[in-house]
Every structure is written in structure tokens, then in C-alpha cells.
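Quick note: the coordinates plus some simple rules give every number you see, no bench work behind them. None of the values given here were measured: they were computed from a predicted structure. Using ideal geometry, Cβ is built from the backbone for each residue, glycine included, and neighbour counts are taken over all protein chains shown.
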């Protein structure tokens, strides 16, 4: 289980977890994007999947019911700090993070690998600058983890 890849000029990535934001990352307007459930299913055998969200639309649990993941709905408070703390609790050196919002910026920066996605909701500039990679969709972002040689091609120096 896990993903290991040595990236010249970047270092060794040994990932065991992926932490993902929900709305704007996996879903648009509370509904999971087409193909995401299947892509997450393929990754679930390699990584432990975590979804951390404020669940703005209240649909995360139902939409993720067929996904082997751990859902954490955050209460009010500092979500930027809470997401970063969650990545640190898992082990920042063995965790990838995927998000799009300003409240994702600290987890993207803290994780061993930060991926920002650009769906209909957009991506906060703060999240973009905190990430290692920008992807035009969640399917492409999950594809990077499914096919780690793509990470090597993008991150090598």
C-alpha cells in the first residue's frame, strides 16, 4: 500500500494518505463530479482517503456513501488551521492534499504533495501559490496519484 516515487531535484515521495477538500474539489454545488467515485475507488487500495469539509451543501455523506473514505465534517472555526492540523496529525511527510479554496492553502503547503484543482468554483490564489501542482480537474489530480510517473514528469528539476 502507498505510493513511492523518487523525483530528481524534488526528493522521495512516500505517500500513505490523501486529504481532500469536498466542495470545489471533489464536488460542484455539493454534487460529486462525474467519474470521481470510480477514480477514488481505484486509489482506495493504495492510499487511505480522507475528506475534510465544512459541508456547505450538507450532501457530502450521501454523495460519498459508495466511497471507501474517512469523512470529517468541520465545525465552525478556523478551517485553514484545522485542515493543516489534520494533515500534521496524519504525518505531513506521508500525506498528499488536494483542494481549491483559501481555507485549503495551509494543508496544501504542509503536505508532502499539494495539488490544487480548478473547477467551476475557481481556485483561490493563496491555494494556487501554496500547491506544488495545479490541475484543471479533480480527475486529472487523482490521475497523478494513480500514475505517479506523471508526478515525476511535472516536478523534476
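Pull up the DSSP beta bridges for the chain and report the antiparallel fraction as a percent, rounded to 5.
25 percent
Give me the distance in nm between label points sitting 7 Å out from Cα along the Cα-to-Cβ direction at residue 150 and residue 120, one decimal.
Rounded to a tenth, the inter-label distance reads 2.2 nm.
So between residue 70 and residue 44, what do we pick up on full extension, going 0.36 nm a residue minus the alpha carbon distance? Show your work: numbers first, answer last.
Values: separation 26, 0.36 × 26 = 9.36 nm, distance 1.08 nm.
Computed gain between residue 70 and residue 44 is 8.3 nm.
Give me the compactness ratio for the stretch 17-146, meaning the Cα radius of gyration over 2.2 N^0.38 Å.
The stretch 17-146 yields a ratio of 0.91.
With a cut-off of 8 Å between alpha carbons and a minimum separation of six or more residues, what is the relative contact order of the stretch 91-157 in percent?
Relative contact order, the stretch 91-157: 27 percent.
Can you give me the C-alpha center-to-center distance between the stretch 1-55 and the stretch 66-88, rounded to a whole angstrom?
What the calculation gives is 13 Å, centre to centre.
Quick one: compute the contact order of the stretch 1-91, relative version, from alpha carbon pairs under 8 angstrom and 6+ residues apart, as a percent.
Relative contact order, the stretch 1-91: 26 percent.
Return a whole-number percent for the relative contact order of the chain, with Cα pairs under 8 Å and 6 or more residues apart as the contact set.
25 percent
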